[in-house]
Structures are given as C-alpha cells and as structure tokens.
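Everything on this sheet refers to the single structure shown next.
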Amino acid sequence: MFAGAGLLRAMFCTGFAARCLLVAALSAGPAQAASWRDDLPQAHLQGSAGLRWFGLKVYDAALWSAAAPFDPAQPFALELTYQRSISRTRIVQTSIDEIRRLSEGRYSDQQLQRWEADMARAFTDVNEGDQLTGVYLPGIGCRFYSRTRLLAEVRDAEFARAFFAIWLDPRTRDTQLRNRLLGAEK
C-alpha cells in the first residue's frame, strides 16, 4: 500500500511538473518568438508586388527598410508571402540558379555548394499563406525568418549580397517586380 501511494505521488508530481512546463512554454512562446522586426524596428514599407509565373501567382513580395529613399547598403527585409506550395528543394535550386546567372561565373562551384547548403538549412517547404523573410545585414550576412521564428543566420556578407540581388539587381528576371519593390512603380 505504501509503495502504491509513493507511485501515485510520483506520477502526480511528474504530471504536475510537465503541465507547469507546458503552461510556461505556451505563455512565454509568443513573447519570446523571434521576428525580423527585432532586427529592423524602424522599418517601413518601401514597396510591394506579386510574382506570377505563367499566369499563376507564386508569392507576394514586400521590401521593408528604415532608409528613405531605399539604400541597398543599409539593413532591409524582403518578405515573401507564398500563394502556393513550393518545396524547400525548389526554392534552394531556383535561388542558386539565379545567383549563378547574375554572378556570371564570379563564384566558384565550392562557394555555390556551400551557399546551397546554407539555404537548405535556412528554408522550409512552404504552403499557401506561409511567409519567409530575409533580413540583409550589411557587412555581416543575413537572417531568415518564418512568421514566428528565426530559421537561420548566414554570416557571409557576399552570400547576402548575391542572394538579395535575385530581386534587387537591375538584371533581375522581373524588372517590374523590382521597380515596385523599390517604390519606383505603383
């Protein structure tokens, strides 16, 4: 009988402790959730646009910056809200393909492979409504966020410049999207 009471007391205490941890985690979660806005508290919307591919909407993009007018040498955030499901593999491969195209051979295969691994670590599969935000940190690199948390930090300033060039370089595939992000077109 005494052993049974001890077992019941241990089960109650363990269950109680687990419930306390769960309540603490749930109540602390949103307050401690990382947001790209922590990196750019003064950011305002520079411009926004949607990307379509063969008539299908892929994502809505928004460029946020504290600098006005926009200065690509200052911190900024590029927020993508997806309108369809896309695999992490597809996002990474498309990004590498665009970096390769825009760099015109400037980066070695080893460097591109390293960046591909960084992006595979940073990105997730996305579904309609999911959001990924990249924050450019000059001289440091960049951070990638979902709506609720920091996904990864890549401490490579050259990668950060090459990655954000996909949208902001004058040779981007969608110059209208670029112009709208920069606030040059409405």
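The values are calculated or read from the model by the stated rules, or taken from the named source; none is laboratory data. Small disclaimer: the values here were computed from a predicted structure and weren't measured. All Cβ positions, glycine included, derive from the backbone under ideal geometry; neighbour counts span all protein chains shown.
Suppose the filter is touching a residue at least 24 places away in the same chain (Cβ under 8 Å) and surrounded by 13 or more Cβ atoms within 10 Å (Cβ to Cβ); does residue 112 pass it? Taking the combined requirement at face value, the residue does not satisfy it.
With respect to residue 63, determine if the residue is under 17 Å from the mean Cα position of the chain (by Cα), in a loop (DSSP other than H, G, I, E, B) and either at pLDDT below 80 or within 29 Å of residue 125 (Cα to Cα) (or both). Taking the combined requirement at face value, the residue does not satisfy it. Of all residues in the range 109-126, those satisfying the criterion of being under 12 Å from residue 88 (Cβ atoms) and of a type outside the set (A, V, I, L, M) are 116, 121, 123, 124, 125.
Just a yes or no: is a residue in the range 40-54 charged (D, E, K, R) and either part of a helix (DSSP H, G or I) or under 21 Å from residue 148 (Cβ atoms) (or both)? Write out each step before concluding.
Keep residues of the range 40-54 that are charged (D, E, K, R), which gives 52.
Among the residues that remain, those that are also either part of a helix (DSSP H, G or I) or under 21 Å from residue 148 (Cβ atoms) (or both) are: none.
No - not one qualifying residue is present in the range 40-54.
Restricting the range 115-125 to residues that are touching a residue at least 24 places away in the same chain (Cβ under 8 Å) and part of a helix (DSSP H, G or I) leaves a set whose member that is surrounded by the fewest Cβ atoms within 10 Å (Cβ to Cβ) is 121.
I need the full set of residues from the range 130-168 which are part of a loop (DSSP other than H, G, I, E, B) and more than 17 Å from residue 74 (Cβ to Cβ), in order please. Give the steps one after another, and end with the answer.
The initial filter retains those residues of the range 130-168 that are part of a loop (DSSP other than H, G, I, E, B), namely 130, 138-140, 146-149, 155-156.
Residues satisfying the conditions are 130, 146, 147, 148, 149, 155, 156.
Take residue 128 and decide whether it is exposed (fewer than 14 other Cβ atoms within 10 Å of the Cβ) and either under 25 Å from residue 42 (Cα atoms) or under 16 Å from the mean Cα position of the chain (by Cα) (or both). Taking the combined requirement at face value, the residue satisfies it.
Selection over the range 71-114 of residues that are over 27 Å from residue 148 (Cβ atoms) and not in a helix (DSSP H, G or I) gives a count of 8. If you go through the range 123-144 and keep only what is within 21 Å of residue 65 (Cβ to Cβ) and of a type in the set (A, V, I, L, M, F, W, C), you end up with 132, 135, 137, 140, 142, 144. Per the listing 133, 148, the residue uniquely under 19 Å from residue 81 (Cα atoms), surrounded by fewer than 18 Cβ atoms within 10 Å (Cβ to Cβ) and either over 19 Å from the mean Cα position of the chain (by Cα) or of a type in the set (Val, Ile, Thr) (or both) is 148.
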